[in-house]
Amino acid sequence: MDIRSWALEMGFDEAEAIPAAMLPRAQELLPGARTLWILVTAHRPFDPGDWPEDGLVVASHYPASQQAYHRTRRLAARIAEAGCSALAHPMLPAKKAALLAGIGWMGRQDLLHHPRYGTYVCLHLLLTDQEEKGMTTRKVLPSLCGACQACVDACPTGAVQREGGIDPARCLRAYMLEGVPFPEDMLPFLGRRLVGCESCQLACPHNAFVGFAPVPPELREAVRLLGASEETIRTRCKDLAGLLGKNLIRPQRLQEACALCERSLRMNSHR
Ligand code: SF4
Ligand code: SF4
């Protein structure tokens, strides 16, 4: 069973294995667990100039992560067909595992920085009871932030802490399509963001080499939600759910998110 080759064939950009024992709850989640696979999918931020005028904005992490999630499930099924157990559990700590495997270093904005892909990586984990011979044996990489504070200064809501880490209560992402009340004092900073915020990544000098990707035409069409009728939002909701996942895109929450963005844009136009 060559799981690394299977993962790369399926479209992952990197697959690393560490002993499952490095995760405290591995045996609880999968009795007999031996190997934890860390599956890396690289992507690039969407070109900010590529959204339609009546469009909301989606961070490229979300469609990339949705595709990677389905790939991870296909890989788990292939491992199961070959006679081993494989579990992709949402409670598995992906960033911590990637750090332990030496895949990247942690930035002040609490994101993993991959040496080749910057912070634009989706991480998925698979716990297996397969005995992997080619375990990854790299060291944990130290942070390369140094004295830089660019992400702290770029965060519109003051969520990135100068000493490192994020205050989740101040991060815009915590309130997007989550069904929780959006803090009124943060609303002016929402703008056209439907889901995701990349300000702290776009400001990072270690991401400067990554460049931009065009917005896929189907996503470009699906986000044309500014000023849209309830019926149009319902139609586009189905398309968006296909691109970003049904768990994230639900009709009621999408309606609310559109209304919030419109309020935010109105607030900004009166400034
Ligand atoms: S995602 Fe946006 S709001 Fe959250 S920490 Fe980064 S810049 Fe701040
Ligand atoms: S912007 Fe600067 S401080 Fe923030 S993660 Fe990047 S290098 Fe570190």
### Message
Let me understand region 150-269 better: what is its radius of gyration from the alpha carbons, and its Dmax, in angstrom?
### Response
15.3, 47
#### Entry: Beta bridge orientation in the chain: antiparallel %, DSSP, nearest 5
85 percent
### Message
Tell me the Rg and the Dmax, in Å, that the Cα atoms of region 63-186 produce.
### Response
17.6, 54
### Summary
Computed ³J(HN,Hα) along region 220-227: with the Karplus parameters 6.51/-1.76/1.60, θ = phi - 60°, integer Hz and x for glycine or proline, the list is 4, 6, 5, 8, 6, 10, 6, x
### Query
Which angle from 0 to 90°, rounded to the nearest 10, does the C-alpha axis of helix 251-269 make with the longest principal axis of the chain?
50 degrees
## Note on the structure
The base-10 log of I(q)/I(0) that the Debye equation returns for the chain at q = 0.08, 0.15 Å⁻¹, one scatterer per C-alpha, is -0.36, -1.18
### Query
If the cut-off is 20 Å between C-alpha atoms, which lysines fall inside it for residue 95, apart from same-chain ones fewer than 8 positions away?
139
### Summary
Output ordering of 260-268, 137-145 (per-residue mean of other Cβ within 10 Å, highest first) is 260-268, 137-145
### Query
How long is region 1-71 along each principal axis, judged by its Cα atoms, biggest number first, in Å?
53, 26, 17
### Task
For residue 88 paired with residue 74, estimate the spin-label separation in nm (one decimal), with each label point 7 Å from Cα along the Cα-to-Cβ line.
1.0 nm
#### Entry: Per the chain, cysteines lacking a partner by the 4.7 Å Cβ criterion
84, 122, 145, 148, 155, 171, 197, 204, 237, 258, 261
### Query
What is the pair-distance distribution P(r) of region 3-128, computed from all Cα-Cα distances in 10 Å bins starting at 0, with each bin given as a whole percent?
13, 42, 31, 11, 4, 0
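Each value in this text was obtained by applying a stated rule to the coordinates, not by laboratory testing. Computed from a predicted structure; not experimentally measured. Note that we place each Cβ from the backbone using ideal geometry, even for glycine, and neighbour counts take in every protein chain shown.
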